[in-house]
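Notes follow the structure.
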Amino acid sequence: MEWNIDFISYEDFKKHVSETINQYGKKLESFNMEKFNKNIVDPIKMIFDKAIYNEDWKTLISSEIFRQRDKSSSNEIGYFHQNLFSYIENCKVPKEGWDVIYEGSEGYTLENGNNVKRIYVELKNKHNTMNSSSSAKTYMKMQNQLLNDDNCVCFLVEVIAKKSQNIVWETRVDGQKVSHNRIRRVSIDKFYEIITGERDAFYKICMALPNTVKEVIENRKASTVPDDTVLDEIEKVSEGFIGRDKNLGMILSMYMLGFETYNEFDSIFKSNTYLKNKKK
């Protein structure tokens, strides 16, 4: 694979991608029917979704599995963005406190011409993930840092910002509008440009990512790739409803996920030949 990034080696980038995939942990486990329905799927919603979006059962079930896997994926993506900086010169990723601290020989020059030595970073994946309370808490943390270190600047770095920017962060603390020229709101592309000196640094990371992820996945053991059996199991249950057409059998199978012991449903499910044989 051709590598045109100077601020991180291909070996380190590939290692970090692999470590990020490892962070997915249990999300890489295959889904069977029991795991699929651990928190009880909403059968009514599934019926509406199938009709409204005109989806087949395979797509609908796959989408629900993806949704369940995706619920906490922000942790893994946060890991990727934050810990990638540990491989970049002059950056460190503390175990606690700040997400990233940058201390380069040239420092950082503010709009007024003043130069500071360090940048303390609070990293957020998306611009709208902080409510007013967490925004105020983060801002006060940055204010406190400025009081303890007059040779620094604090950045709220957003991966998914509204636009590319490096601006003074204006927010509210205790109902009062606050701002400071050394507390800034910065999109991640601008932060990469500051620490690497390359305007297209983040772009290069984005363009290198798909092939690297693909290569890492292909080189991993096959057992790490989920082999979901939910659809097969549900189809077997649907075939156990003797005298019902295939679609009705699938509908009853979906209802079973949430209503197995409900009035009338219980007798229908007890008559299912597949479930009867499975219990023997």
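The values are calculated or read from the model by the stated rules, or taken from the named source; none is laboratory data. Note that the structure is predicted; figures quoted are calculated from it, not measured. Reconstructed Cβ throughout: ideal geometry from the backbone, glycine too, with neighbour counts over all protein chains shown. The protein model used for the area step is the full one, side chains on, heavy atoms only, and it has no ligands, DNA or RNA in it. Shrake-Rupley method; radii C 1.70, N 1.55, O 1.52, S 1.80 Å.
Here are the numbers for this structure:
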| quantity | calculated |
| --- | --- |
| Accessible-area composition of the chain, carbon plus sulfur, in percent [1.4 Å probe] | 47 |
| Area projected by the alpha carbon convex hull of the chain, averaged over all directions, nm² | 20.7 |
| Probe 1.4 Å, accessible area per residue of the range 140-268, Å² | 57 |
| DSSP-loop trypsin sites (Lys or Arg not before Pro) across the range 22-75, with at most 13 other Cβ within 10 angstrom | Lys38, Lys71 |
| Proximal aspartates and glutamates to Lys92, defined as alpha-carbon separation beneath 14 angstrom and excluding residues fewer than eight positions away on the same chain | Glu103, Glu122 |
| Relative frequency of Cα-Cα separations exceeding 22 Å in the range 86-214, percent | 35 |
| Charge dipole (the chain, unit charges on Cβ, about Cα centre) - positive-most of Leu147, Asn219, Ser253 | Ser253 |
| Accessible surface, the range 1-89, averaged per residue in Å² (probe 1.4 Å) | 61 |
| Helical contribution to [θ] at 222 nm, DSSP H n ≥ 4, -39,500 (n - 2.57), averaged over the chain, rounded to 500 | -15000 deg cm²/dmol |
| Stokes-Einstein D for the range 190-248, Kirkwood Rh over Cα pairs, 25 °C, 0.890 mPa s (µm²/s) | 152 |
| Gained length - Asn115 relative to Asn148, 0.36 nm times residue gap less alpha-carbon distance | 10.2 nm |
| Positive dipole terminus of the range 1-98, leading residue within Ser63, His16, Asn37 (C-beta point charges) | Asn37 |
| FRET efficiency for Tyr79 and Gln176, using Cβ-Cβ distance with R0 set to 30 Å, rounded to 0.05 | 0.30 |
| Column: log10 I(q)/I(0), Debye, Cα scatterers of the range 1-146, q = 0.15, 0.19, 0.20 Å⁻¹ | -0.98, -1.21, -1.27 |
| Expected-Rg normalisation [2.2 N^0.38 Å, Cα atoms] applied to the range 79-149 | 1.20 |
| Most mobile of Phe80, Phe265, Phe13 in a GNM of the chain (Cα contacts under 10 Å) | Phe265 |
| Taking N as its residue count, the alpha carbon Rg of the range 13-59 over 2.2 N^0.38 Å | 1.70 |
| Crossing angle, helix 10-23 versus the chain [Cα axis fit, 0-90 degrees, rounded to tens] | 50 |
| Kirkwood Rh in Å, taken over the range 129-280 so that all alpha-carbon pairs contribute | 21.5 |
| Gap separating the Cα centres of the range 1-64 and the range 203-267, nearest whole Å | 12 |
| Cα long-axis angle, helix 43-53 against the chain (0 to 90 degrees, to the nearest 10) | 80 |
